[in-house]
1. Can you find, within the stretch 224-274, the residue that is farthest from residue 104 (Cα to Cα) among those that are part of a strand (DSSP E or B) and aliphatic (A, V, I, L, M)?
2. Name the residue, out of 272, 203, 211, that is in contact with a helix residue (DSSP H, G or I) (Cβ under 7 Å, 6 or more places away or on another chain), in contact (Cβ under 8 Å) with a residue 60 or more places away in the chain, of a type outside the set (Val, Ile, Thr) and under 24 Å from residue 37 (Cα atoms).
3. Scan the stretch 40-79 for residues that are buried (at least 21 other Cβ atoms within 10 Å of the Cβ) and under 10 Å from residue 95 (Cβ atoms) and jot them down.
4. Here are some residues: 231, 220. Which one is in contact (Cβ under 8 Å) with a residue 12 or more places away in the chain, within 20 Å of residue 158 (Cα to Cα) and touching an Asp or Glu at 6+ places or on another chain (Cβ under 8 Å)?
5. In the set 83, 104, 37, 46, which member is farther than 24 Å from residue 191 by Cα and at pLDDT 95 or above?
6. Residues of the stretch 141-182 being charged (D, E, K, R), over 24 Å from residue 259 (Cα atoms) and assigned to a strand (DSSP E or B), which ones?
7. Among the numbered criteria (1) of a type outside the set (Ser, Thr, Tyr); (2) without any contact (Cβ under 8 Å) to a residue 12 or more places away in the chain; (3) under 30 Å from residue 199 (Cβ atoms), which one does residue 96 miss?
8. Is there any pair linking a residue in the stretch 135-163 that is without any contact (Cβ under 8 Å) to a residue 40 or more places away in the chain and surrounded by fewer than 19 Cβ atoms within 10 Å (Cβ to Cβ) to one that is of a type outside the set (D, E, K, R) and in a loop (DSSP other than H, G, I, E, B), with Cβ under 7 Å and at least six apart or on different chains, and which?
Amino acid sequence: MSKDRFILLNAGESRLPMPPPTTLKAGAADTEGRFSLIENRGHHDLPPQVHDADELVFVLDGELGIDFDGRTHRLTAGMCALLPRGVTYAMRTLSEAPVHTLHLSTPGVQGVAEPGQAAENGDKGRFYLLQRGDVRPGRIKVPPAFATKARATDTDGRLSLLEMVVAQDIPRHIHHEADEGIYVFDGELVVEYDDRTDKVGKGQFVLLPHGVPHALRCGSTPPPRVIQISSPGGWECFIEDLIEARPHITTGGRLDPVKLNPIAAKYAITYGVP
């Protein structure tokens with residue numbers, strides 16, 4: 001059942017045993033092959049390889065070097081890069097201190113090969129690097145609380161990645177198609193899932209599979225800051241539609257499920273479910 005795919009991991013906890021300091025937050029078996037998420041808190045020394053999956057790298061702390069297409073790109077805290085499948089790249093630590101990173105791969109199974117064993121067949125033009133605070137361009141400008149780091153159009157529809165501040169409670173709803181993964185950077189997020197309620201704090205990860213009712217509430221001051229993964233992608237388009245629709249989707253300053261649903265239906269989401 002979908003509800004049995006729920007995951008809540010504490011900081012430093014891994015779904016499967018992995019060489020330290022790497023932890024697996026969600027693998028192909030957890031997400032029905034949609035994506036995998038790995039956290040690394042150490043020194044990177046990955047030789048040039050060709051990957052058969054797109055990889056999004058988000059740096060939380062330290063300085064990471066990515067060797068790609070003849071140059072070294074320096075990533076520091078808050079920066080993000082999309083590394084396309086089918087191209088060669090390497091990673092290495094550029095700071096004396098360890099680097100803390102999140103690695104999001106799609107599809108969920110990621111394979112690698114040494115250059116020469118696998119020919120490059122990817123599109124280097126799909127590579128992009130975002131500075132801290134940068135976002136991917138969208139249809140309209142949205143508040144900084146919804147910082148889109150990868151759009152569905154960037155990932156062939158496989159997923160969306162947003163850095164979000166959950167300052168307003170999100171009422172109970174169902175994603176009929178998309179799985180949702182949330183990694184908490186700071187603060188505390190209250191997650192209501194099916195018939196349980198959990199407080200999710202810094203360094204914790206939660207996977208909310210599609211088809212099961214859930215709600216998200218702010219549990220701290222300042223409000224929690226999270227990375228939100230939606231797979232398949234499209235969540236950023238829903239956010240844009242909501243921004244355009246305000247204040248017509250609120251009642252008494254709160255999101256109104258009845259007013260939300262005509263917009264949400266386009267994205268296979270239903271609000272106000274019991």
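1. Step by step, filter the stretch 224-274, then rank; the result is 255.
2. On the way: 272 fails: under 24 Å from residue 37 (Cα atoms); 203 fails: in contact with a helix residue (DSSP H, G or I) (Cβ under 7 Å, 6 or more places away or on another chain).
Unique residue meeting the criteria: 211.
3. Hits for the stretch 40-79 are 62, 64.
4. Result of the check over 231, 220: 231.
5. Values: 104 fails: farther than 24 Å from residue 191 by Cα; 37 fails: farther than 24 Å from residue 191 by Cα; 46 fails: at pLDDT 95 or above.
Of 83, 104, 37, 46, the one residue that is farther than 24 Å from residue 191 by Cα and at pLDDT 95 or above is 83.
6. Initial filter on the stretch 141-182 (charged (D, E, K, R)): 141, 149, 151, 154, 156, 158, 163, 169, 172, 177, 179-180.
So of that shortlist, the ones also over 24 Å from residue 259 (Cα atoms) come out as 149, 151, 154, 156, 158, 163.
Matches in the stretch 141-182: 149, 163.
7. (3)
8. Here the result reads 145/167, each pair linking the stretch 135-163 to a residue that is of a type outside the set (D, E, K, R) and in a loop (DSSP other than H, G, I, E, B).
The values are calculated or read from the model by the stated rules, or taken from the named source; none is laboratory data. Because the structure is a prediction, the values reported are computed rather than measured. Every residue, glycine as well, gets a Cβ built from its backbone with ideal geometry; the counts of neighbours run over all protein chains shown.
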